[in-house]
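The values are calculated or read from the model by the stated rules, or taken from the named source; none is laboratory data. Values in this document were obtained by computation on a predicted structure and should not be read as measured data. A quick note on method: Cβ atoms are made from the backbone with ideal geometry, for glycine too, and the neighbour counts reach across all protein chains shown.
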Amino acid sequence: MQEFSDRWEVDRYLSASGYLGETTRPFFVALPKDRSTVSNDEFRRQISQVDSEVLGHLHDGIKGGYDEEKFKPYIGFCSLREYLESELQKRYKEAAPATLALLEQRCSEVNIELERLDSKIQATSDVSHLRKSAMMHAASISNQVGVLIDGAADPAPEQWGKTTEEERSESGIGSWPGVTVDIKPANAILRLYGGAAFERVMHEFRCAAYSIECPPVSREKVANILLAHAGRGGGRGVAEAAAEIARTAARSWLAPLLDTACDRLAFVLGNLFDIAIERNRSRESEYGRKTGDMEGYVGFHAALRHAYNSIIKDLAKQCKQLVRHHLDSVTSPYSQVFYENDFHGSFGSSANSYFRHNQASAGSIWFELSDCGQVSHDERMRDQENIPPENNARQKTPGKGTEARDVHRESQMTVPETPSPDQPCDGVKVDVGPRKRIARIGNRNPEQLMKVHNGGSLLFGNGDCGSRSAYTEICSLAAQHFARIREVLVERSVTSTLNSGFLTP
């Protein structure tokens, strides 16, 4: 300031014209030159002294002085507080119209909300209106559950879906009982819900069922069953004993699988309630309408959830009873006649030959959609270890049809008979009577005669005869019976029962 001597120079400097905007006003302060450490009171006194010196210089040291009315409020710390208060007041005045408009809008929204709440409170006394709203809301949730079962991708499966491992852990069920291998169904790593997750559990159940083979049976158990059937007469002792062993194994090993399948499916359907609520909420916000406004009725929503869970539990209980009934039916001795022809058609084949096609067809409808990349043939076979390979077209002799061969096989079918000390291990039928018996004994060596007279081990064999013993034959037949029972149960009974029991009760 001491460099200026004329008024026009001071006025031009204080107005800051030329380098600040028209709406911007500068404020000028001067600080003491003393930079030593002083107390607060001393610093205030020095500032006040500097302000007095600056104002005195502008008033007395400048020719003509300066425009005090215009610039004095913007000079010195003594005027800073008044300057800030005036600026704040000016900003408030400028923002007042917009602020009032926002306040009016907010008041209007609050009034609308209050009116809605008032009408809602009044509606609580109207039982018929409340019942109508509750029914509309429950129907909307039910429709959303149906849409999710039929197949939907909203809300996002990445957020609401679950992998197979998550379903096992969160349901608390764990692995399949009696299954030692790790069951990995197709798309196990994808997050699915609704109908897709339901079908994945069904496919996982098939894999688990087909991974269980007929368990080994001790010779004592086989002997107890076989000798009991042999003592009743008839020539079907081996087949009946094998069938009884297979039925017992099926009841003890497949029943836990059926219960687990029902529990897993019930867990999948139970998860749909929260997903249906989210889907219903998003639909209402999207279309701007509400089907039965039940917001705020905490007790109603809790009761609705409890009712839904109770329905799922009842369905699971009914399905368990139905599939157990199917298991009892297919393991009944009287039901063997319905699939006995199919069983004898595969009597000469391996223990697993006649159910491979059904198992492969059951697994072929499931497509692997997870991003696993290209895998080698060995890896594919290892991943599908629970599914036997498809039985491709049988080799045919040129000029011979399948129908003729099937008839020929059925006409020449041989049913094994209950072995006895008079019957060799190879299963050749022995004519009854002393003449035939002596003729057979005459052709035997002394070691074989000793086996006959000493009781031997011709019933179960001891490894000396070239063909299979009765024990081995019964175990093989039991495995075939078990596989056939499993196939009939899984493919013909359980799958359709679970679908109809849970999805269309």
Requested in this report: State whether the residues of the range 98-116 include one that is surrounded by 10 or more Cβ atoms within 10 Å (Cβ to Cβ), closer than 30 Å to Ala197 by Cβ and modelled with pLDDT under 90.
Outcome: no
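With the requirement that a residue be of a type in the set (A, V, I, L, M) and under 13 Å from Glu166 (Cα atoms), what does the range 179-216 give you? Don't jump to the end; show me each part of the working.
Within the range 179-216, the subset of a type in the set (A, V, I, L, M) is 179, 181, 183, 186, 188-190, 192, 196-197, 201-202, 208-209, 212.
Matches in the range 179-216: Ala188, Ile189, Leu190, Leu192, Ala197, Val201.
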Query raised in the report: What number of residues within the range 117-141 are of a type in the set (Ser, Thr, Tyr), surrounded by fewer than 12 Cβ atoms within 10 Å (Cβ to Cβ) and either in a helix (DSSP H, G or I) or at pLDDT 90 or above (or both)?
Result: 3
Report summary line: Considering residues that are among the charged types (D, E, K, R), within 10 Å of the chain's Cα centre (by Cα) and part of a helix (DSSP H, G or I), the number found within the range 187-202 is 1
**Report entry** Candidate set from the range 67-94 (those that are surrounded by 11 or more Cβ atoms within 10 Å (Cβ to Cβ) and hydrophobic (A, V, I, L, M, F, W, C)); member that is nearest to Pro32 (Cα to Cα)
**Finding:** Phe77
**Report entry** Condition check for Arg251: surrounded by 17 or more Cβ atoms within 10 Å (Cβ to Cβ), among the basic types (Lys, Arg), farther than 22 Å from Ser140 by Cα and in contact with a Ser or Thr (Cβ under 6 Å, 6 or more places away or on another chain)
**Finding:** no
Requested in this report: Kindly list, by first and then second residue, each pair from a residue in the range 36-49 that is free of Cβ contacts under 8 Å to residues at least 40 places away in the same chain to a residue that is assigned to a loop (DSSP other than H, G, I, E, B) and surrounded by 12 or more Cβ atoms within 10 Å (Cβ to Cβ), limited to pairs with Cβ atoms under 7 Å and residues at least 6 apart or on different chains.
Outcome: Gln46/Pro32; Ile47/Pro32
Query raised in the report: Among the residues of the range 124-147, is there at least one that is touching a Lys or Arg at 6+ places or on another chain (Cβ under 9 Å), among the aliphatic types (A, V, I, L, M) and within 23 Å of Arg206 (Cβ to Cβ)?
Result: no
Query raised in the report: If you check Pro216 against the conditions, is it modelled with pLDDT of 90 or more, over 18 Å from the mean Cα position of the chain (by Cα) and not in a helix (DSSP H, G or I)?
Result: no
Requested in this report: Give the range 56-69 a look and list any residue that's modelled with pLDDT of 70 or more and either closer than 12 Å to Arg7 by Cβ or polar (S, T, N, Q) (or both), or say none.
Outcome: Leu58, His59, Gly61, Ile62, Lys63, Gly65, Tyr66, Asp67, Glu68
Query raised in the report: In the range 257-275, how many residues are within 15 Å of Ala209 (Cα to Cα) and crowded, with 21+ Cβ neighbours inside 10 Å?
Result: 6
Query raised in the report: Would the range 64-86 turn up any residue that is closer than 30 Å to Arg279 by Cα, small (Gly, Ala, Ser), part of a helix (DSSP H, G or I) and not assigned by TED's automatic domain parsing to the domain that holds Arg279?
Result: no
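Yes/no per residue for (1) surrounded by fewer than 20 Cβ atoms within 10 Å (Cβ to Cβ); (2) assigned to a helix (DSSP H, G or I); (3) touching a helix residue (DSSP H, G or I) at 6+ places or on another chain (Cβ under 7 Å); (4) of a type in the set (Ser, Thr, Tyr):
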residue	(1), (2), (3), (4)
Glu167	no, yes, yes, no
Trp176	no, no, yes, no
Val181	yes, no, no, no
Pro185	no, no, yes, no
**Report entry** Exclusive hit being within 30 Å of Ala241 (Cα to Cα), of a type in the set (Gly, Ala, Ser) and surrounded by 21 or more Cβ atoms within 10 Å (Cβ to Cβ), set Ala223, Ala197, Ala209
**Finding:** Ala209
Query raised in the report: If you scan the range 244-276, which residues turn out to be within 18 Å of the chain's Cα centre (by Cα) and among the hydroxyl-bearing types (Ser, Thr, Tyr)?
Result: Thr260
